[in-house]
1. In this structure, does residue 34 turn out to be of a type outside the set (A, V, I, L, M), open to solvent by less than 10 Å² (accessible area, probe 1.4 Å) and either on the phi > 0 side of the Ramachandran plot or in a loop (DSSP other than H, G, I, E, B) (or both)?
2. Tell me, which residue of segment 107-144 that is assigned to a helix (DSSP H, G or I) and closer than 15 Å to residue 45 by Cα is nearest to the ligand (Cβ to nearest atom)?
3. Tally up the residues in segment 150-164 that are more than 16 Å from the ligand (Cβ to nearest atom) and either outside any loop (DSSP other than H, G, I, E, B) or open to solvent by 60 Å² or more (accessible area, probe 1.4 Å) (or both), please.
4. Restricting the search to segment 217-230, which residues are modelled with pLDDT of 95 or more and either farther than 19 Å from residue 42 by Cα or aliphatic (A, V, I, L, M) (or both)?
5. Look at residue 48 and say whether it is open to solvent by 10 Å² or more (accessible area, probe 1.4 Å), over 17 Å from residue 138 (Cα atoms), within 16 Å of the ligand (Cβ to nearest atom) and over 14 Å from the mean Cα position of the chain (by Cα).
6. Search segment 98-111 for residues that are on the phi > 0 side of the Ramachandran plot and in contact (Cβ under 8 Å) with a residue 40 or more places away in the chain and pair each with any residue that is open to solvent by less than 70 Å² (accessible area, probe 1.4 Å) and outside any loop (DSSP other than H, G, I, E, B) when their beta-carbon atoms are under 8 Å apart and the residues are at least 6 apart or on different chains.
Amino acid sequence: MSIFDSFLLASTVYNIIPSFWQRIFAKHVIRRIPNKNQIALTFDDGPDSRYTYQLLETLAKHDVKTTFFVVAEKAAKNPNIIKMCQQCGHEIGLHSYNHTCQWFLTPKATKNDIEKSIKILQDIGVEPKFFRPPWGLFNISTRYYLKKYGLNAVYWSRHVYDWSKFNSANYIRKALTKRIRGGDIVLLHDSSYAKEAPRRTIESIKDVIVDLKERGLEFVTLRESLAGYE
Ligand SMILES: [Zn+2]
């Protein structure tokens, strides 16, 4: 077996099979919420001082509660945004320490990433209950450490590439309105490397909220939506 073959085999066992399994089959991974009259909006990759305050304002205006999957390193730099999210009634979940893909973390690094992140959030007054790995990718040890630290793995059932620089606010608005169904966990972003992408997400979300409310759907945090089902 060549070095390349060995690497490929190791990566398949350590990364690819666990990711595929957890994304599609694993019972412990939350992919939808049980109540078909509810929607769980989730915002990843923040907090971001350029966008998160504006998003909080929009959500407050429409009395909508959501879940933020935050990057711990950014949370440490912006603790006031995290506190404001909590004061507004939103849930704070963990989205890794600095958005490193779990595929590149050894078991020890996976443990350190989660442990260090929890400590940062606890210092701000957050007891995280939910974890979404960057890009939704797991390695073979992720599940073990999530269980150890009392975190539930969360995936999503709907996304529209709102992080892309190629998608306009109008596209995001139309795609979300058309595709969202009751029981969906919707993946969105309040921070991004693509210039101004979160601004387009925030611009579109207010119309989406109005439309979904007219359809009789209620917006809930993951903790609220899963209460009584765990
Ligand atoms: Zn992310």
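The values are calculated or read from the model by the stated rules, or taken from the named source; none is laboratory data. Computed from a predicted model, the values in this text were never measured in an experiment. Here Cβ is always computed from backbone atoms with ideal geometry, including for glycine, and neighbour counts include all displayed protein chains. With ligands, DNA and RNA removed, areas are computed over all heavy atoms of the protein, side chains included. Shrake-Rupley method; radii C 1.70, N 1.55, O 1.52, S 1.80 Å.
1. On the way: of a type outside the set (A, V, I, L, M): yes; open to solvent by less than 10 Å² (accessible area, probe 1.4 Å): no; either on the phi > 0 side of the Ramachandran plot or in a loop (DSSP other than H, G, I, E, B) (or both): yes.
Considered against the rule, which asks whether it is of a type outside the set (A, V, I, L, M), open to solvent by less than 10 Å² (accessible area, probe 1.4 Å) and either on the phi > 0 side of the Ramachandran plot or in a loop (DSSP other than H, G, I, E, B) (or both), residue 34 comes out as no.
2. Applying the first criterion (assigned to a helix (DSSP H, G or I)) to segment 107-144 yields 107-124, 134-136, 142-144.
This time we only want the ones that are closer than 15 Å to residue 45 by Cα, so: 117, 121, 134-136.
Working: 117: 13, 121: 16, 134: 5, 135: 7, 136: 9 Å.
Per the criteria, the residue is 134.
3. Total satisfying the criteria: 1.
4. 217, 220, 222 - these are the residues of segment 217-230 that are modelled with pLDDT of 95 or more and either farther than 19 Å from residue 42 by Cα or aliphatic (A, V, I, L, M) (or both).
5. Working: open to solvent by 10 Å² or more (accessible area, probe 1.4 Å): yes; over 17 Å from residue 138 (Cα atoms): yes; within 16 Å of the ligand (Cβ to nearest atom): yes; over 14 Å from the mean Cα position of the chain (by Cα): yes.
Considered against the rule, which asks whether it is open to solvent by 10 Å² or more (accessible area, probe 1.4 Å), over 17 Å from residue 138 (Cα atoms), within 16 Å of the ligand (Cβ to nearest atom) and over 14 Å from the mean Cα position of the chain (by Cα), residue 48 comes out as yes.
6. 99/134
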